[in-house]
Each structure stands twice: as C-alpha cells, then as structure tokens.
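Written out below as structure tokens is the structure these notes cover.
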Amino acid sequence: ERALRLDPRVRLTVLAPSQFARRAGFDAYVLDRFAPPTAPAAPVLAIAPPKVSWLPAPGAARSDLAAASWKSSEPVFENVSLADVRIDRAQPFVAPAAGVDVLARTADGAVLAVAGAASPRKVALAFAIQSSSFASQASFPVFVSNAIAWLTSEEPPVAKPVGPVNLPMERASVRGLEAGPMDT
C-alpha cells in the first residue's frame, strides 16, 4: 500500500474484500490475499490469491523459499532482482494454463510469479508480501511500478535530447526534469 501511495501516477482507493463487489470503475486492482469468484473487468495484480478459476491454482504451502530464476527481460521484472528475497511461506502455483507466462521459479521449479497478457492482464505472486523480505528490497518499488505500468498498458517515458521532438503517443505530455509540465 505504501509503495502505491508513493507512486505519483496512482490514486489509491483501499477497499475491504466485503466492499469489493460494490465498487467498479478502477483502472486496475491490487488484490492482497483475496480474489473474487469471477475475474474483474480491469487488470489485476494478485498477491497470494486463494484458489479461483480465473487465476493459476495455488499448490501446497511451502516454507523457506527463494527465487532461483526470474525473467528480467519481461516488463514486470525489468530492473528487478529477486536474488536476496527470502520467502518464509508461499503456495507456488500449479501448472499455469496456456497464455500464462511463468516469471519466477525456485531452484526446484516451483512457480512463484506469473503474468497473463490476455485482456484484462493479470500478474500474480504466489506469496504474501508480509511473508517475504521483498518489501525491504530496493527492487520492490520498481516491481510495483512496473506491474502497474504493464497492467494498464502505460506507454513508457521517452527521453530525448534538447531540440524538436516527435512524440509517439496520442495524448502525450512533456515534463522537464526540473521545470515540470511543459506546453507542447
């Protein structure tokens, strides 16, 4: 929650699971140890989700895990390292379905993180943030930012030198490092 509040692109609304069904209209959902029976219409970052039909099934609980491999070439894990992340307890996902990409595994192949690009996009972690050292790692805010950007199909910033610049986005905005927003 703190990492989301610190992201200037995010307006955070926190809901209890009991309030979830009554609220809609969000660009993305972060579901922490909760998932509704049917998939939301918006993209989802699911953290330690329970068993639901629209997410990979969690397997048996395991303890004292570490990621041995992760796909740093994937947008969700770009510039993210799981090397020093220790996981006290997780329920690794059981054989994710077709169209779901495995993003991180343990040394014995247990699935710790997945992503599905089918609309609406989904990212799921097999462990709770509180059950790991992930939140205390420098990579954690990068992961949160990457996940939100990928889930919402956000265009990455374009850095250009001084001079005329053609922007590849329809509703682009220009911000100077120190000047802030600039007229275009």
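Charge tally for Ser132 (other residues, Cβ to Cβ under 10 Å; Lys, Arg +1; Asp, Glu -1): +1. In this simple spin-label model, placing a label point 7 Å from the Cα along the Cα-to-Cβ direction at both Ala61 and Asn79 gives a separation of 3.7 nm.
In the chain, what percent of the accessible surface is made up of carbon and sulfur (1.4 Å probe, ligands and nucleic acids excluded)? Don't skip to the end; give the middle numbers.
Numbers: 5840 of 11360 Å².
After summing per-atom areas, the C and S share lands at 51 percent.
Any idea of the accessible area per residue across the chain, 1.4 Å probe, to the nearest Å²? Ligands and nucleic acids excluded, the figure is 62 Å² per residue. When the chain is treated as a Gaussian network with alpha carbon springs shorter than 10 Å, the biggest mean-square fluctuation among Val76, Val144, Val174 belongs to Val174.
At most 15 other Cβ atoms within 10 Å plus a DSSP loop assignment makes a site exposed; report the longest stretch of the chain without any exposed trypsin sites (Lys or Arg not before Pro).
On the way: sites that count: Arg9, Arg11, Arg22, Arg23, Arg33, Lys51, Arg171.
The reported range is 52-170.
Computed from Cα atoms, the angle from the helix 139-151 axis to the main principal axis of the chain rounds to 80 degrees. Is the C-alpha gyration tensor of segment 48-122 telling us rounded, prolate or oblate? Criteria: a/c under 1.5 is rounded; beyond that, a/b larger than b/c is prolate, otherwise oblate. It is oblate, given that a/c is not under 1.5 and a/b is not larger than b/c. Taking segment 56-95, how much of its Cα-Cα pair set, in percent, is spaced more than 13 angstrom apart? The answer is 60 percent, as a whole percent.
Whole-Å semi-axes of segment 1-93's equivalent ellipsoid, largest first, each the root of 5 times a Cα gyration tensor eigenvalue? If you can, show how the numbers build up before the last one.
Working: eigenvalues 120, 72, 32 Å².
Whole-Å semi-axes of the equivalent ellipsoid: 25, 19, 13.
Based only on Cα atoms, what mean projected area does the convex hull of segment 31-181 have, in nm²? Result: a mean projected hull area of 10.8 nm². Of all lysines in the structure, the ones whose alpha carbon falls short of 17 Å from that of Lys122, not counting any fewer than 8 places away in one chain, are Lys51, Lys71.
The values are calculated or read from the model by the stated rules, or taken from the named source; none is laboratory data. These numbers come from a predicted model, not from an experiment. Cβ sites come from the backbone with ideal geometry, for glycine too, and all protein chains shown count toward neighbours. In case anyone asks, the SASA skips ligands and DNA or RNA and just uses the protein heavy atoms, side chains included. Shrake-Rupley method; radii C 1.70, N 1.55, O 1.52, S 1.80 Å.
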